[in-house]
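Novice: Please see the structure below; I have some questions.
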């Protein structure tokens, strides 16, 4: 009798432990998923390599779906040594590119990286990029954390029609 | 190295191209082409010319401008062979003729790439009243250029007739070129 009680108590304890572990895992996964969903990425592409140039640019639309402001802190990719954010400013017919430390994405708003405007500058290409390829861009946000996006490579012809 | 020049106050609007002769801009000059040979603007007399200042390490405006010309050439169809594009690099330190040759080979309509000494480039920029200033970024991009993004449309007699801006689409560029070609 005593042995039976001990066994069932042990089973209950095991049951609790497993349930607690499952609950914690599920909460962790939910939070993780929610964080990733904070920022939506669309309309994204990367310019094809031009021979002789190791520079390229990435463009995309970032939507902050949360109720809190967020900031794009940095980005990296295996395809280039460095990634920087630049804004193109045209003043009296003269264009100047301004380096941006980070890019604010206000709550509920979107920010666009577009040709002739703010763009993601990809510096020192490590491999050739051809139309039809995809490159993985890691975007690091203050709140949303890491958002990884596989962006298609487009030729210049595909970008300008 | 900073290269200066005067900024021109011009309008890049193209709604109704008047194609007046803009005689305060332009003129003949000699630079070195992508094959390492001397090139004078007179060498393309008899053709309409799209002339643009840029550099091959420019990630956005320069390749997009050249791509827009590419699209405009397509729209011009049979008239396209009456038009030449000239890309003048303002970055002689990095854009040697061989590099220009490689870079421009990407664009199907065979643009002419030009470079020169800083002094030569400064003189040409003065002719067209364009500005280009080398600016150290302090980041991995090394240095960039602030530069005028206007494209000069030059007629078959070598005179500047119109300026295109960054917002002009290939359709507009092709239309204005057609008007110029029809005018002779």
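Nothing in this text is a laboratory measurement; each read-out follows from the coordinates by a stated rule. Everything numeric here is computed off the predicted structure, so don't read it as measured data. Methodologically, a virtual Cβ is constructed for each residue, glycine included, from the backbone with ideal geometry; neighbour enumeration extends over all protein chains shown.
Novice: List A:100, A:121, A:60 from most exposed to least, where exposure is judged by having the fewest other Cβ atoms within 10 Å.
Specialist: Numbers: A:100 14, A:121 26, A:60 20.
Sorted ascending by nearby Cβ count, the order is A:100, A:60, A:121.
Novice: Same structure again: Of the DSSP beta bridges with both residues in segment B:30-183, give the percent that are antiparallel, rounding to the nearest 5.
Specialist: Approximately 65 percent, going by the DSSP bridge assignments.
Novice: Which stretch or stretches of segment B:97-136 have amide N atoms under 16 Å from the point lying 7 Å from residue A:130's Cα along the Cα→Cβ direction?
Specialist: B:106
Novice: Which ordering of B:57, A:74 is given by a fewest-first count of other beta-carbon atoms within 10 Å?
Specialist: Lowest to highest Cβ neighbour count: A:74, B:57.
Novice: On to the next question. At residue B:28 and residue B:181, where each label point lies 7 Å from the Cα along Cα→Cβ, what is the point-to-point distance in nanometres?
Specialist: 2.6
Novice: Take peptide A:95-101, look around each residue's Cβ out to 10 angstrom, count Cβ atoms belonging to other protein chains, and average those counts. Walk me through the numbers before you get to the answer.
Specialist: Working: counts 13, 7, 11, 4, 7, 0, 1.
Shielding by partners across A:95-101 averages 6.
Novice: Test of understanding: extend the Cα→C-beta vector of residue A:54 to 7 Å, then name every residue of segment B:141-173 with backbone N under 13 Å from that spot.
Specialist: Label zone hits: B:141-143.
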